[in-house]
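Colleague: Input: one structure, supplied below.
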Amino acid sequence: MEANKTMDISLSDRWHKRPLIISGPCSAETEDQVIQTAVLLAETGVVDVMRAGIWKPRTRPGTFEGIGTKGFPWLQQARKITGLPIMVEVATTKQVEDALHFEVDILWIGARSVVNPISVQEIANSLRGTNVPVFIKNPLNPDIELWTGALERIARAGVTKIGLVHRGFSTYGNTEYRNPPMWHLAIEMKRRNPELMMICDPTHISGRRDIIQSVAQKAIDLDYDGLMIESHIDPDNAWSDAKQQITPARLKEMIESIIWRKQKSNEESFNTALEKFREQINQIDDELMQLLAQRMKIANKIGEYKRDKSITILQTNRWNEILDKGLRIGNSLGLSSEFIAKYFDAIHMESINHQNKIMNS
Ligand code: PEP
Ligand code: MN
């Protein structure tokens, strides 16, 4: 067995490594599965931390809900053989205590726990006085305040090494993704917490193997600090999340084919060109703001007119006409229908709010 090339790096160095690559099975299943996966992951030379679920929050009862504390000695053994730090999910005080008892290196709080402030507070209270690093996944529902609240609770408990994991958000109905990424929410979270590491879990966003790589690439293009990707020695026969796990060999291939981008370039000509383009964008953004303000002024005038004639604010036919025309022109100019619809929706809401104020003034 080839030793992991990062074997002698201590966990605190690894915490600062970029990109940070976390991989391992959705669930620890058997001793063999854990150890074999760890050995293969270490041999790839691209993995920094090994993850495995010991307790699994499953949607339905009667499915595999995790091996429990029995799995910890397997993880310890895997760490001893490979040098990879180990990471598990915790959801209760008892689970935090067990994980710390077995000297797990890093903890994560899952999406299903982050939705519940009482659970997060319970976890936070049991972390007080320890200094174990903790990753906080985004909550299932697209609510950035809930994610922020979880972060505040964990930080107030004195945890200093905190990372964020973007794993996508629950939605109703079928979409391309198991959990649509809604990138703007994670970008806003990154904007609010620039000092924190933000990694992407493209596995739970995708829910299927074939799009993991493109989601991972998108995250790297957006300057994420790393990835958490589920891997298994025999993905098809995994006891949980079988459709979305990949083999360690495939993981290595994937990590090696991702185009790793830098946030900045040292090349002067590139930076000058970038500056110029940014200047143009700023100029256009200013003009757009002016135009939008002008548009609202006209909407205000219409509002006064509607008020004087006692006509309703919402004129559905007129609105359909605007949207149809916008879609036709926008599409022909290369703008996506999704963007055009969102744009007009926002404009329409703002106009309605303006007219509402006038009607009721
Ligand atoms: C997991 O990582 O296996 C998991 C349960 O993730 P999430 O909390 O994102 O659903
Ligand atoms: Mn999983």
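The values are calculated or read from the model by the stated rules, or taken from the named source; none is laboratory data. These numbers come from a predicted model, not from an experiment. We place every Cβ from the backbone using ideal geometry, glycine too, and count neighbours over all the protein chains shown. In case anyone asks, the SASA skips ligands and DNA or RNA and just uses the protein heavy atoms, side chains included. Shrake-Rupley method; radii C 1.70, N 1.55, O 1.52, S 1.80 Å.
Colleague: In angstroms, what radius of gyration and Dmax does segment 223-346 have, counting Cα atoms only?
Modeller: 25.1, 72
Colleague: Work out from phi, with θ = phi - 60° and the Karplus expression 6.51 cos²θ - 1.76 cosθ + 1.60, the ³J(HN,Hα) of each residue of segment 28-38, listed in order in whole Hz, and give x for Gly and Pro.
Modeller: Per residue, the Karplus-derived 3J(HN,Hα) values read 6, 10, 9, 4, 4, 4, 5, 5, 4, 4, 4 Hz.
Colleague: With all protein chains present, calculate the accessible area of Glu338 using a 1.4 Å probe and round the result to the nearest 10 Å².
Modeller: 120
Colleague: Roughly how many percent of the accessible protein surface of the chain is carbon and sulfur, given a 1.4 Å probe and a whole-percent answer? All intermediate terms of the calculation are to be shown ahead of the outcome.
Modeller: Details: 10150 of 19230 Å².
Accessible surface attributable to carbon and sulfur in the chain totals 53 percent.
Colleague: Which whole-number percent is the relative contact order of the chain (Cα, under 8 Å, 6+ apart)?
Modeller: Working: 567 pairs, mean separation 45.4, N = 361.
Answer for the chain is 13 percent.
Colleague: Please report, in debye to the nearest 20, how large the charge dipole of the chain is about its Cα centre when each Lys and Arg carries +1 at its beta carbon and each Asp and Glu carries -1 there. Before the final figure, lay out the partial values.
Modeller: Numbers: 45 positive and 46 negative charges, 218 e Å.
That gives a dipole near 1040 debye.
Colleague: Could I ask something else about it? Residue separation times 0.36 nm, minus the C-alpha to C-alpha distance between Lys218 and Ile187: what's the value? Don't skip to the end; give the middle numbers.
Modeller: Working: separation 31, 0.36 × 31 = 11.16 nm, distance 1.22 nm.
Taking Lys218 through Ile187 to full extension adds about 9.9 nm, to one decimal.
Colleague: Hey, another quick one. Rank Thr312, Met289, Phe277 by how far each Cα sits towards the positive end of the charge dipole of segment 215-312 (+1 on Lys, Arg Cβ; -1 on Asp, Glu Cβ) and give me just the farthest.
Modeller: In segment 215-312, that residue is Thr312.
Colleague: Going from most exposed to least, what order do Tyr343, Tyr224, Tyr172 have by accessible area with a 1.4 Å probe? Let's see the in-between values first.
Modeller: Values: Tyr343 90, Tyr224 15, Tyr172 215 Å².
Result, largest first: Tyr172, Tyr343, Tyr224.
Colleague: Another question about this same structure. Whose amide H sits under 5 Å from the amide H of Met197, counting only residues 5 or more places off or on another chain, with H placed in the peptide plane?
Modeller: Sorted by chain and number, the residues that satisfy this are Leu164.
Colleague: Using the Karplus curve 6.51 cos²θ - 1.76 cosθ + 1.60 with θ = phi - 60°, what ³J(HN,Hα) values do you get for each residue of segment 292-299, in whole Hz, with x for Gly and Pro?
Modeller: 5, 5, 5, 4, 5, 5, 5, 4
Colleague: Just to be sure I understand: with springs between alpha-carbon atoms less than 10 Å apart, which residue in Arg250, Arg328, Arg60 has the highest mean-square fluctuation in the Gaussian network model of the chain?
Modeller: The residue with the greatest mean-square fluctuation here is Arg328.
Colleague: For the chain, restrict the atom set to alpha-carbon positions and state the Rg and Dmax in Å.
Modeller: Using the Cα atoms of the chain, the pair Rg, Dmax is 24.7, 84 Å.
Colleague: Follow-up question, since we're still on this one. Hey, what's the chain come to in accessible area per residue, 1.4 Å probe, Å²? Display every interim value, and only then the final one.
Modeller: Values: 19230 Å² over 361 residues.
I get 53 Å² per residue for the chain.
Colleague: Oh, and also: Show me, for segment 128-136, the HN-Hα J-couplings you get by feeding each phi into the Karplus relation (A = 6.51, B = -1.76, C = 1.60, θ = phi - 60°), rounded to Hz, glycine and proline as x.
Modeller: The phi angles translate into 4, x, 9, 10, 6, x, 9, 9, 10 Hz.
Colleague: Specify whether the C-alpha gyration tensor of segment 55-157 places it in the rounded, prolate or oblate class, a ≥ b ≥ c being the square roots of the eigenvalues: rounded for a/c under 1.5, otherwise prolate if a/b is larger than b/c and oblate if not. Present the calculation step by step, with values, prior to reporting the outcome.
Modeller: Values: a/c = 1.99, a/b = 1.35, b/c = 1.48.
Oblate, because a/c is 1.5 or more while a/b does not exceed b/c.
Colleague: Next up: Please enumerate, by chain and number, the aspartates and glutamates with C-alpha under 16 Å from the C-alpha of Lys80, excluding those fewer than 8 residues away in the same chain.
Modeller: Glu2, Asp8, Glu31, Asp32, Glu43, Asp48, Glu103, Asp105
Colleague: Another question, then. Decide, for segment 1-122, between rounded, prolate and oblate: order the square roots of the alpha carbon gyration tensor eigenvalues as a ≥ b ≥ c, take rounded if a/c falls under 1.5, and otherwise choose prolate if a/b is larger than b/c, else oblate. All intermediate terms of the calculation are to be shown ahead of the outcome.
Modeller: On the way: a/c = 1.99, a/b = 1.49, b/c = 1.34.
Here segment 1-122 falls in the prolate category.
Colleague: For the chain, build the charge dipole from Cβ charges (+1 Lys, Arg; -1 Asp, Glu) around the Cα centre, then report which of Ile358, Pro19, Met87 sits farthest towards its positive end.
Modeller: Ile358
Colleague: Also, quick follow-up: Can you give the relative contact order of segment 7-146 as a percent, counting alpha carbon pairs under 8 Å and 6+ residues apart? Spell out each step's value before the answer.
Modeller: Values: 217 pairs, mean separation 27.4, N = 140.
In percent, rounded to a whole number, it is 20.
Colleague: Measure out, as a whole number of angstrom, how far apart the alpha-carbon centroids of segment 106-126 and segment 47-85 sit.
Modeller: 18
Colleague: For helix 144-156, report the angle its Cα long axis makes with the longest principal axis of the Cα atoms of the chain; keep it between 0 and 90° and round to the nearest 10°.
Modeller: Orientation of helix 144-156: about 40 degrees from the principal axis.
Colleague: Using only the Cα atoms of segment 237-305, build the gyration tensor, take square roots of its eigenvalues as a ≥ b ≥ c, and label the shape rounded, prolate or oblate: rounded if a/c is under 1.5, else prolate if a/b is larger than b/c, else oblate.
Modeller: Because a/c hits 1.5 or more and a/b fails to exceed b/c, segment 237-305 counts as oblate.
Colleague: Separate question: Below 30 Å Cα-Cα, how many Lys pairs turn up in segment 189-321? Only count pairs eight or more apart in sequence, or on different chains, if you could.
Modeller: Lysine pairs meeting both conditions in segment 189-321 amount to 19.
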